[in-house]
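Notes follow once the structure below has been shown.
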Amino acid sequence: MTEREAVAHLLRRATFGPTAEEVDAAERAGVAATLDSLLAPPGADRGTAAPPLPALGPDPYAELADNPTREQRQAANRERREQVLRLSGWWLDRMVAADDQAGEKLLFFWHGHWATSVRKVRSAPLMLRHLETLRRHGRGPLDALVTAMVRDPALILWLDGHRNTRKAPNENLARELMELFTLGIGGGYTETDVREGARALTGWVVDRRSGAARFTPRRHDPGPKTILGVTGDLDATAYARLLASRPEAARFVASRLWFRYAGPQVPAPADLAGPDTVGTLRRVFTAPAFAQTPGTLVKQPVEWLVGALRQLGVRPSTLPEQRRRQLLAGLEAMDQVPLRPPSVGGWPAGGAWLTTSSLQARLRSANLLAAVAAPAALDRLAAAPPDGRLDALARLLVVDRWSDRTRAALTPLAGAPRQLLAAGLVSPEYTVS
């Protein structure tokens with residue numbers, strides 16, 4: 001692997017998708033310096049200042065008076081849907097605009113890990129707060145993140161934590177907290193630990209009008225609990241810290257980071273967990289096994305789309321509203337829309353994104369991307385001699401090289417830059433990084 005291929009591989013995995021100019025700069029800086037700047041970006045992120053936070057306003061349903069009419073409920077639901085659309089569009093634009101690409105991609109990783117869907121939460125403001133919590137704690141130690149998440153209003157609603165009382169314990173949040181978020185399946189806990197964990201989480205409710213989670217003592221079970229061999233008057237905070245302190249939790253989260261950033265083909269190294277998320281990511285990207293993973297990780301649709309938008313010089317917020325909605329509709333057709341993971345287990349991975357229907361949806365989106373590509377991107381292809389356009393396309397899309405089969409498929413399109421660009425976006429070399 002050459003130096004350029006090494007930095008391109010790092011950038012493809014650590015970010016949503018680098019531009020050719022970013023690879024040029026990384027090649028000059030070297031792999032080590034590039035990794036340092038990814039994990040500890042210097043200065044303020046000027047890119048994210050461009051898409052201001054959407055003016056969502058309050059939850060329209062929470063603002064309804066008692067006994068609303070059918071028309072009032074319908075209007076509130078329409079406004080809720082519009083709020084979600086504005087928030088989804090804003091986040092997609094931020095993913096493209098962010099200078100701190102590693103931080104934005106890490107946020108998307110955590111969104112899939114703590115998979116929480118607006119379809120059940122039914123509140124764009126609560127989902128925005130959810131993202132802000134993940135962003136605030138996602139780089140640091142697991143303890144602070146888990147402690148914040150057990151008090152997150154969206155997660156509480158998503159997993160029925162607001163229905164968990166001393167008289168009627170609900171185990172959903174406690175179970176998924178152990179099974180999917182911290183310890184993993186086979187993480188050494190029992191059904192008794194789940195039941196006791198549910199007791200520790202009792203008492204939290206969500207005020208939809210203010211958007212805050214609030215502890216209600218009369219709903220909480222204050223009795224002693226025994227969880228994972230620890231006995232005491234454990235509440236949500238103590239329970240979260242207990243889970244985060246377990247070595248199984250550090251190993252499980254590290255394995256999930258390896259799975260999403262390095263892929264499933266190469267086994268994760270031992271002792272991958274660092275003192276915090278950034279430390280673990282550094283171990284992921286510097287592991288000798290990481291260099292063995294190019295061409296093994298199928299891009300998730302959001303990763304594919306955001307990377308393409310960046311490389312083609314397209315900011316969603318500058319497009320007409322119809323085009324912006326088409327971008328989100330394309331993600332829906334590919335079965336991955338931000339804020340809407342399909343289940344508490346998050347989105348699938350690997351070959352699940354390579355079905356016939358998803359390929360057709362990806363091709364439609366690729367044609368849309370080619371249609372809205374910045375003139376500079378198309379000029380780079382048109383300016384190259386016909387026999388050099390495939391190499392120009394590879395540079396534009398940060399593809400190391402085309403296979404003989406792909407080159408044969410692309411060559412007839414060399415005279416039509418937009419068609420060539422669309423075909424390159426759905427090529428195996430671009431889809432699988």
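Each value in this text was obtained by applying a stated rule to the coordinates, not by laboratory testing. From a predicted model like this one, the values you see are computed outputs, not experimental measurements. Note that each Cβ is placed from the backbone with ideal geometry, even for glycine, and that neighbours are counted across all protein chains shown.
Some observations on this one:
- Hydrodynamic radius of region 181-295 per Kirkwood, over alpha carbon pairs, in Å: 16.4 Å
- Note on W90, W204: ascending count of other Cβ atoms within 10 Å places them as W90, W204, the fewest first.
- Here the chain is described by how far its Cα atoms reach on the three principal axes: 76, 57, 42 Å, from widest to narrowest.
- Backbone geometry of region 3-8 corresponds, through the Karplus equation with coefficients 6.51, -1.76 and 1.60 at θ = phi - 60°, to 3J(HN,Hα) couplings of 4, 5, 5, 5, 6, 5 Hz, x marking Gly and Pro.
- Distance from the C-alpha centroid of region 267-289 to that of region 335-401: 29 Å, rounded to the whole angstrom.
- Extension reserve of the D400-R73 stretch, reckoned as 0.36 nm per residue once the Cα distance is removed: 112.4 nm
- Normalised convex hull volume, region 1-40, alpha-carbon set, Å³ per residue: 57 Å³
- The Rg/Rh ratio of region 1-113, with Rg taken over Cα atoms and Rh as the Kirkwood radius over Cα pairs, comes to 1.21.
- Degrees, to the nearest 10: 301-311 long Cα axis against longest axis of the chain: 50 degrees
- Gaussian network model of the chain, Cα within-10 Å springs - most flexible of E79, E104, E176: E79
- Computed E for M1/T192 - FRET, C-beta separation, R0 56 angstrom, nearest 0.05: 0.65
- The distance linking region 191-240 with region 96-162 is 20 Å (Cα centroid to Cα centroid, whole angstrom).
- Ordering of 222-235, 140-153 by packing [mean C-beta count within 10 Å, highest first]: 140-153, 222-235
- Model label sites at A376 and R315, defined 7 Å from Cα along the beta-carbon direction, differ in position by 1.2 nm.
- All Cα-Cα distances of region 297-431, cut into 5 Å bins from zero to the largest, leave 2, 10, 21, 22, 20, 13, 8, 3, 1, 0, 0 percent in each bin in turn.
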